[in-house]
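Report on one structure; see the data block that follows.
The values are calculated or read from the model by the stated rules, or taken from the named source; none is laboratory data. Given the structure is predicted, the values throughout are model-derived calculations rather than measurements. Please note: Cβ atoms are built from the backbone with ideal geometry, for glycine as well, and neighbour counts cover all protein chains shown.
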Amino acid sequence: MTIGVFDSGVGGLTVLRALRRELPGRDFIYLGDTARLPYGTKSAASVLRYAEQAADALVAHGLSCLVIACNTASAVALEALRRRHAPLPVVGVIGPGAQAAVAASASGRIAVIATEGTVRSGAYEAAIRRLRPQAEVAAAACPLFVALAEEGWTEGEVVDLAIRRYLDPVLSVAAPPDVLLLGCTHFPVLAAAIGRVAGPRITIVDSAATTAAVVRSELRDVVGASQGCGSMRLLATDDAARFARVGAGFLGEAITAGAVEVVDLG
């Protein structure tokens, strides 16, 4: 009954939070590859290798489903991990995020902000256009957002300046988007600040809730244990104390350093 979830750091805890709300009776094991954060600036070959190592470590615990709670890893490694661990269900966040953005957009004009690796892959544009072929999609890399989120800097002048620097080219156009998709699981903790800069006419969308719904659908034939309180195990590849301190804001509850197990992926 255990669901495995991995990310490059603590950002994927936003997905874990949504999963636990959707499937409260399930056991979860989460792995944050904090020693090699961020994935978004790495080559595709490196991200694939890291994702395979993280997935292998989780699968060894015995899973009913594997969730890639990292947009960059989802863009690069989803199909490879599905082949590697078949028939285990493997769910990424790109497809669910695209579904949420398309559902929220009246105009079909959608902006995606993500890491360099995710933007470079073109995965969101492809996923959105599969669902809505005439969609107009603009994508912008916002690498500094990951560092701000990991440092817990979610408000203030520095945060607002960074957001404006990244968003102005995307939003200051003749026909602006009506949806802004947060294409990185680190970005939701900046959502309030992003929303203020973007303005009330733009809907902010992230993939966490939609991903959780997709996982529940994948497990529909064995989802009877949806009641009760499942367990949660937290793994990191570096610095349990920092993972606990920063991760609490993403998970929405306190984490003690003693609850985080440091592991070596090799």
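Scan the range 89-121 residue by residue and report those that are modelled with pLDDT of 95 or more and part of a loop (DSSP other than H, G, I, E, B).
PRO89, VAL93, SER105, ALA106, SER107, GLY108
Is there a residue in the range 2-17 that is at pLDDT below 95, under 22 Å from SER217 (Cβ atoms), in contact with a helix residue (DSSP H, G or I) (Cβ under 7 Å, 6 or more places away or on another chain) and not β-branched (Val, Ile, Thr)?
No.
Does at least one position in the range 218-228 carry a residue that is farther than 22 Å from LEU63 by Cα and not polar (S, T, N, Q)?
Taking every residue of the range 218-228 in turn, none turns out to be farther than 22 Å from LEU63 by Cα and not polar (S, T, N, Q).
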